[in-house]
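Please read the structure below before turning to the comments.
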Amino acid sequence: MKKSFPLHVPGKEDPKVVEAIKLELTKYVKRERRKKLPEGVDFWDFQCKVGSDIGTATAMPLTDVPKSVEDVALTKAAEVYVEIMASPGHRVKKPFPATYQRRQS
């Protein structure tokens, strides 16, 4: 999803518009996570960017997107640009800790 959302809609309060944007983003992520995973993929990973326009959008983790949308709204920008791209993710196994050695008494 690459989309610019207007932050000021005639007839609606600005905080309600921001909440509607965050709700639409949440719905999109849920819809993408329901898609069938390709062979050999463990989960869907998301690359996200948020900014007042395409040129100022910065990369961030998915969990920081709602807060960033609010931050852009506080700067009195006319719109917010959000980019969320799903990609296949692979889990990395953690190495086992060193084995415990008993003391000889």
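The values are calculated or read from the model by the stated rules, or taken from the named source; none is laboratory data. Just so you know, these numbers come straight off a predicted model, no measurement behind them. We place every Cβ from the backbone using ideal geometry, glycine too, and count neighbours over all the protein chains shown.
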remark   = Taking segment 70-99 and keeping only residues that are of a type in the set (Ser, Thr, Tyr), surrounded by 10 or more Cβ atoms within 10 Å (Cβ to Cβ) and farther than 27 Å from TRP44 by Cβ, one is left with none
inquiry  = Please go through (1) at pLDDT 95 or above; (2) within 17 Å of the chain's Cα centre (by Cα) for LEU74 and return the number of the only condition it doesn't satisfy.
reply    = (2)
key: Criterion (touching a residue at least 60 places away in the same chain (Cβ under 8 Å) and assigned to a loop (DSSP other than H, G, I, E, B)) met by exactly one of ALA73, ALA77   = ALA77
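Give the residue that is nearest to GLU13 (Cα to Cα), with candidates limited to residues of segment 53-70 that are part of a helix (DSSP H, G or I) and among the hydrophobic types (A, V, I, L, M, F, W, C).
VAL69
From the residues in segment 1-52 that are in a strand (DSSP E or B) and in contact with a Gly (Cβ under 7 Å, 6 or more places away or on another chain), which one is farthest from ALA86 (Cα to Cα)?
Residues of segment 1-52 in a strand (DSSP E or B): 2-6, 43-51.
From what's left, in contact with a Gly (Cβ under 7 Å, 6 or more places away or on another chain): 43-45.
Details: PHE43: 10, TRP44: 6, ASP45: 6 Å.
Out of the qualifying residues, it is PHE43.
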task = Could you tell me whether LYS67 is within 28 Å of LYS16 (Cβ to Cβ), among the charged types (D, E, K, R) and either modelled with pLDDT of 95 or more or surrounded by fewer than 13 Cβ atoms within 10 Å (Cβ to Cβ) (or both)?
result = yes
query = For segment 2-10, does any single residue satisfy the condition of being in contact with a helix residue (DSSP H, G or I) (Cβ under 7 Å, 6 or more places away or on another chain), more than 27 Å from HIS90 (Cα to Cα) and free of Cβ contacts under 8 Å to residues at least 12 places away in the same chain?
reply = yes
